[in-house]
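Asker: Once you've had a glance at the structure underneath, I'll fire off some questions.
Coordinate-derived values only; no laboratory data. Note that the structure is predicted; figures quoted are calculated from it, not measured. Using ideal geometry, Cβ is built from the backbone for each residue, glycine included, and neighbour counts are taken over all protein chains shown.
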Amino acid sequence: MNILIENGIVLPMTESENSARKYFIASVGIKGNKIILVSSNKDEISSFKESCGEDLEIIDAKGKIVMPGFINTHTHVAMSILRGYSDDVELMEWLTKHIWPIEGKLTPDDVYVGAELGIAEMLLGGTTSFLDMYHFEHAVAKAAINSGIRAVLSPFFLDGRIELFEDDLARTIDICKTNSRTDYMIAPHAPYTCSDDTMEKGIEIAKRYNSGIHFHLAETRNETPEYISRKGESPTVHLCKMGLFDQHTVAAHGVHLTEEEMDILAEKHVTIAHNPRSNMKLASGFAEVSKLMSHGINVSIGTDGAASNNNLDMWEDMRLTSLLQKGLTLDPLAVPAYTALKMATVGGAKALGMEGKIGIIKEGALADIIIVNQNNIHHFPLQKNIISSLVYSCKSTDVNTTIVDGEILVQDGKLLKTETKEIGAKATERLLEICNR
């Protein structure tokens, strides 16, 4: 498909914080899955139209914001089927007494339905890529391919589950090979659920497949002291010695990290996927995002799963990322609006190992683009500073169009490949069935 997005307010996310030209009026031309034109030059736009002939869809974006889609760098998308299943308890009780028992009942078909639900929510809200972690990840891969979203799937393992993981990984890899929008990572669940033997096995598998690693790190206050009492050193120090960070690594949460650990993560180019709302809801604490970034760590944004959030709305997590840091540091410049936007786009691309390919609007980049309305009441009076409006006022329902890999998946706020009500009804019916098993 060839697409021309005309006369939009283009926010390419390629400029620095101090740039005076963070956004501008321009048209964006897409051929196949790539952006080949970002211009306000009438001759260049006419030339693009002529090169497309009749095979061209024109989108009028006048008054709308054209920007890269969000990249959700930590979620368990299939847990959307468990939304609201267990609320208002701390993490370990939530996991051991509520979530893990019901997850033990899930089948690949359940996971597919949950993933279908979560992916629909993300696409409607402007998320074009996500990094997932779950079991039966091959079912999530199928849901991702059927929806058209870009996804990196991470089958997870923990003690006693390595054989099931290897089967899931093999199936996930086979499915990912059939589609250019899907890839995979290896996911050792967490230091508190994986022994050294299990971790070493996971590292060996990651090296064998030359894949990245995606895991939970320093999420709760008690994790590190308990780990030190057993190992004599923190999880970050110990896992670094084991060679975990020699692979491209995304560590989710990173709430309770020391300065020494931050230095290690920076040196090893580990991304921290920040999940502010989930961390707050489970009373895990507040990650020191400003300090992480001052150490040179790439910090991206994730929603975590809808069972602990309870939605996959990157707008809310991006906004809270900025506001929380201002409150924690008593510094209104701790995470400025543009920095938060970069975390949700450029930072996410770096987390996925796709820096320069997604998370930006630039000639040659992949066409993962969203178009955002400014005509809803919460945007008025319209401001000159659209960065502020996007981060502090925008809602997921403001997303008009979502394009992934050059394919329009959401238009006029509606999914093109499936019906939202149908997906919701199927998920509700499936959860009742799971609970009755």
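Asker: Could you tell me how many cubic angstrom of Cα convex hull volume the stretch 70-351 has per residue?
Answerer: On the way: hull volume 32.0 nm³, N = 282.
So the per-residue Cα hull volume is 114 Å³.
Asker: Among Thr329, Ala251, Ile264, which residue has its Cα positioned farthest towards the positive end of the charge dipole of the stretch 70-351, with +1 placed on the Cβ of Lys and Arg, -1 on the Cβ of Asp and Glu, and the dipole taken about the Cα centre?
Answerer: Thr329
Asker: Per the helix-only calculation at 222 nm, which mean residue ellipticity applies to the chain, given -39500 (n - 2.57) for every DSSP H run of n ≥ 4 and division by its residues, nearest 500 deg cm²/dmol?
Answerer: -11000 deg cm²/dmol
Asker: How many angstrom lie between the Cα centre of the stretch 278-321 and the Cα centre of the stretch 346-388?
Answerer: 19
Asker: Here's another thing I want to ask about it. What is the Cα centroid distance between the stretch 144-215 and the stretch 224-260, reported in whole angstrom?
Answerer: 19
Asker: Also: Given Cα pairs under 8 Å that are at least 6 residues apart, what percent is the relative contact order of the stretch 1-122?
Answerer: Relative contact order of the stretch 1-122: 27 percent.
Asker: Among DSSP beta bridges whose residues both lie in the chain, state the antiparallel percentage, nearest 5.
Answerer: Antiparallel bridges make up about 45 percent of those DSSP assigns within the chain.
Asker: Using a 10 angstrom cutoff on alpha carbons, build the Gaussian network for the chain and name the most mobile of Lys268, Lys42, Lys64.
Answerer: Result for the chain, Cα springs under 10 Å: Lys42 fluctuates most.
Asker: Also, I was wondering about something else. Which pairs, out of Lys281/Lys417; Lys201/Lys268; Lys34/Lys105; Lys31/Lys350; Lys64/Lys326, put more than 31 Å between their alpha-carbon atoms? Spell out each step's value before the answer.
Answerer: Details: Lys281/Lys417 33 Å; Lys201/Lys268 20 Å; Lys34/Lys105 42 Å; Lys31/Lys350 24 Å; Lys64/Lys326 29 Å.
In this structure, Lys281/Lys417; Lys34/Lys105 lie more than 31 Å apart at Cα.
Asker: Please list 277-287, 337-347, 92-102 highest first by mean number of surrounding beta-carbon atoms within 10 Å per residue. Don't skip to the answer; put the middle values down first.
Answerer: Numbers: 277-287: 19.8, 337-347: 24.3, 92-102: 14.5.
The densest-packed peptide leads the list: 337-347, 277-287, 92-102.
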